[in-house]
Amino acid sequence: MDPEGKLMVELHVKYIQSLDQRRNELAYHLTEHLRMNGIYWGLTALAFLNRKDALPRQDMLDWVMACWDDKTGGFRPHPGHDVNVHCTLSAVQIIATHDALHILTPHHVELIVQYILSLQDEVTGSFAGDEWGEVNTRFSYCAVSTLALLNQLHRLDKQKTASWIERCRNFDGGFGMTEGAESHAAYVWTCVGALAILGRLDIVDRDTLSWWLCERQLPNGGLNGRPEKLEDVCYSWWVIATLAILDRTDWVNGDKLSRFILSCQDTDDGGIADRPEDVADVWHTVFGIAGLSLLGHPGLAKVDPVFCMPRAVTIKTSQT
């Protein structure tokens, strides 16, 4: 814990830089299936810290394109793995953050779009994550977000997509991972984010959902994802970003939440953990920093709550 309540920028930069220098560790190889997502998390955290130059740009872009599969049109998490919609989104986000969408030729874009659309159920409007068919609202968000970043949202059946998300809404205003599943803050964000991109926030019961979200704050300032669960830094993103989309971030105590996030920093090696004294990881690091940015912490780049990317990037993307 940082006793002074300061964001340890340089230490976090060094921590993220160190993640690719652990190739002699078993954990490095056991997480290949998350590599594309992990690079997005690390790069995005650096971008929020205004330090994305801390990682080699061209090497990263070359590696991302090496993960593209010209047969399916999707991106793999690592060369040799199968493609999926989550890694496809992360790849496009990485490319966009580096202001390099031009490296995706019309041929690339067309195959990516075809891959995304192939994952949608023609009847329900839900999206699968890959060829194996698991359905989840997270995959709907990944599909919608990817198409939006590529300026290809017009290719999507928006009504069918929004209707399935609506069927995942619960009596408490929240959303679950699929129809009938309990409300969960992470899936709330994916659903509200997707609906925001689709221009269908009319589906959201704003007051009921906002109350459910603000009730996620615990006495120590942290947020949980469901009732009766422990606080976790990652919900500093899922909850606050959703409230930001709904223009209601003041419904939680931002000062207490900021102090909680800062208390989860590793003051020796950098990075942010899920809660104080736990081991830091890049997942909680990016979402902790993103949450701090939405709460107005000084010195951080402005975050787009819909895309979890720097606002400067998404503004430029929407203009291309």
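The values are calculated or read from the model by the stated rules, or taken from the named source; none is laboratory data. Here the structure is a predicted model, which means the values were calculated and not measured. With ideal geometry, Cβ positions are generated from the backbone for all residues, glycine too; neighbour counts draw on all protein chains shown. Accessible surface areas use protein heavy atoms only, side chains included; no ligands, DNA or RNA. Shrake-Rupley method; radii C 1.70, N 1.55, O 1.52, S 1.80 Å.
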Cβ pairs under 7 Å, 6+ apart or interchain, first in region 123-139 and among the hydroxyl-bearing types (Ser, Thr, Tyr), second assigned to a loop (DSSP other than H, G, I, E, B) and surrounded by 14 or more Cβ atoms within 10 Å (Cβ to Cβ), ordered by first then second residue, are Thr137/Cys168; Thr137/Met177; Thr137/Thr178
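Please note which helices (runs of 4 or more DSSP H) are completely contained in region 205-317 and include at least 3 residues that are free of Cβ contacts under 8 Å to residues at least 60 places away in the same chain, farther than 29 Å from Ser18 by Cα and open to solvent by 40 Å² or more (accessible area, probe 1.4 Å). Quick ask: steps written out before the conclusion?
On the way: elements: 206-214, 235-245, 254-263, 282-294.
Ranges flagged: 206-214.
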Per the list (1) part of a helix (DSSP H, G or I); (2) free of Cβ contacts under 8 Å to residues at least 12 places away in the same chain; (3) in contact with a helix residue (DSSP H, G or I) (Cβ under 9 Å, 6 or more places away or on another chain), residue check on Thr146 breaks on (2)
Looking across region 138-160 at residues that are farther than 21 Å from Ala91 by Cβ and not acidic (Asp, Glu), the single one that is least open to solvent (accessible area, probe 1.4 Å) is Lys160
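Quick one: which of Thr317, Thr242 is touching a helix residue (DSSP H, G or I) at 6+ places or on another chain (Cβ under 6 Å) and modelled with pLDDT under 95?
After ruling out the rest, the residue left standing is Thr317.
Grab the helices (runs of 4 or more DSSP H) fully contained in region 1-120, keeping just those with 3 or more residues being surrounded by 13 or more Cβ atoms within 10 Å (Cβ to Cβ) and modelled with pLDDT of 95 or more.
Numbers: elements: 9-18, 26-30, 35-48, 57-66, 85-97, 106-118.
Once the helices (runs of 4 or more DSSP H) in region 1-120 are filtered for at least 3 residues that are surrounded by 13 or more Cβ atoms within 10 Å (Cβ to Cβ) and modelled with pLDDT of 95 or more, what remains is 9-18, 35-48, 57-66, 85-97, 106-118.
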